[in-house]
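S.K.: One structure coming up, written as structure tokens, with questions to follow.
The values are calculated or read from the model by the stated rules, or taken from the named source; none is laboratory data. Bear in mind the structure is a predicted one, so any value in this text is a computation, not a measurement. Virtual Cβ from ideal backbone geometry, glycine too; neighbours counted across all protein chains shown. Note: accessible area is taken over every heavy atom of the protein model, side chains too, but ligands, DNA and RNA are not part of it. Shrake-Rupley method; radii C 1.70, N 1.55, O 1.52, S 1.80 Å.
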Amino acid sequence: MRITPISHKVQGPSITEKAANLMRALRKQAQSGAKIAPKNERIRRGKICSACPLWNKSGNLLLGECMHRKCGCTKFKRLFLYESCPIGKW
């Protein structure tokens, strides 16, 4: 199955949903002892995100943005050891 690249008409999560997702991620990160993913894992995740049709590299003030409704993350989510892609890519 081929997924076409994201168009400008696709709307990701609202600012409220992004804030809720961020708070969940930060809570999980704090509970895990603030563990950071190893460099090779961060690079692997970045390559996967960059190739994903849901990734908008210019979103979130040029920090990138996942346009999935359950995400809306920036590239910083890749740093958190216990975070994952909402569609299971990493």
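S.K.: Can you give the accessible area per residue of the chain, in Å², using a 1.4 Å probe?
M.R.: Values: 6320 Å² over 90 residues.
With the other protein chains kept in place, the chain gives 70 Å² per residue.
S.K.: To the nearest 10 degrees, how steep is helix 15-31 against the longest Cα principal axis of the chain, on a 0 to 90 scale?
M.R.: Tilt relative to the chain: about 30 degrees.
S.K.: At a Cα cut-off below 15 Å, give the aspartates and glutamates reachable from K77, other chains included and same-chain residues fewer than 8 away excluded.
M.R.: Reachable aspartates and glutamates: E41, E65.
S.K.: Hey, another quick one. Based on DSSP H runs of at least 4 residues, each adding -39500 (n - 2.57), what is the mean residue ellipticity at 222 nm of the chain after dividing by all its residues, to the nearest 500 deg cm²/dmol? Intermediate results must be reported in sequence, preceding the final value.
M.R.: On the way: 3 runs with 34 residues, N = 90.
So the helix-based figure for the chain works out to -11500 deg cm²/dmol.
S.K.: Additional query: Taking 0.36 nm per residue of separation and subtracting the Cα-Cα distance, what length does fully extending K39 through K89 add?
M.R.: Numbers: separation 50, 0.36 × 50 = 18.00 nm, distance 1.76 nm.
Contour length minus Cα-Cα distance gives 16.2 nm.
S.K.: Still on this model: If DNA, RNA and ligands are ignored and the probe is 1.4 Å, what is the ranking of K57, K35 by accessible area, most exposed first? Display every interim value, and only then the final one.
M.R.: Details: K57 160, K35 100 Å².
From most accessible down to least: K57, K35.
S.K.: On a full-extension model of 0.36 nm per residue, what is the gain between L79 and S58, subtracting their alpha-carbon distance, rounded to one decimal in nm?
M.R.: Working it through step by step, the gained length comes to 5.7 nm.
S.K.: Could you tell me how many degrees, from 0 to 90 and to the nearest 10, lie between the Cα long axis of helix 39-51 and the main elongation axis, the longest principal axis, of the Cα atoms of the chain?
M.R.: 20
S.K.: Moving on. Summing Lys, Arg as +1 and Asp, Glu as -1, what charge do residues with Cβ under 12 Å from the Cβ of K39 carry, K39 excluded?
M.R.: Values: positive: R42, R44, R45, R78; negative: E41.
Every neighbour counted, the sum reads +3.
S.K.: Based on the Cβ-Cβ distance from R27 to I48, what FRET efficiency comes out when R0 is 22 Å, to the nearest 0.05? Present the calculation step by step, with values, prior to reporting the outcome.
M.R.: Details: r = 24 Å, r/R0 = 1.10.
Taking R0 as 22 Å, the efficiency between R27 and I48 is 0.35.
S.K.: Given charges of +1 on the Cβ of Lys and Arg and -1 on the Cβ of Asp and Glu, with all other atoms neutral, how large is the dipole of the chain about its Cα centre, in debye to the nearest 20?
M.R.: Using Cβ point charges on Lys, Arg, Asp and Glu, the chain gives about 220 debye.
S.K.: Sticking with this one: Which one, (1) 25, 16, 13; (2) 32, 14, 9; (3) 21, 16, 11, gives semi-axes √(5λ) of the Cα gyration tensor in Å as derived from the coordinates shown?
M.R.: So the calculated entry is the one marked (3).
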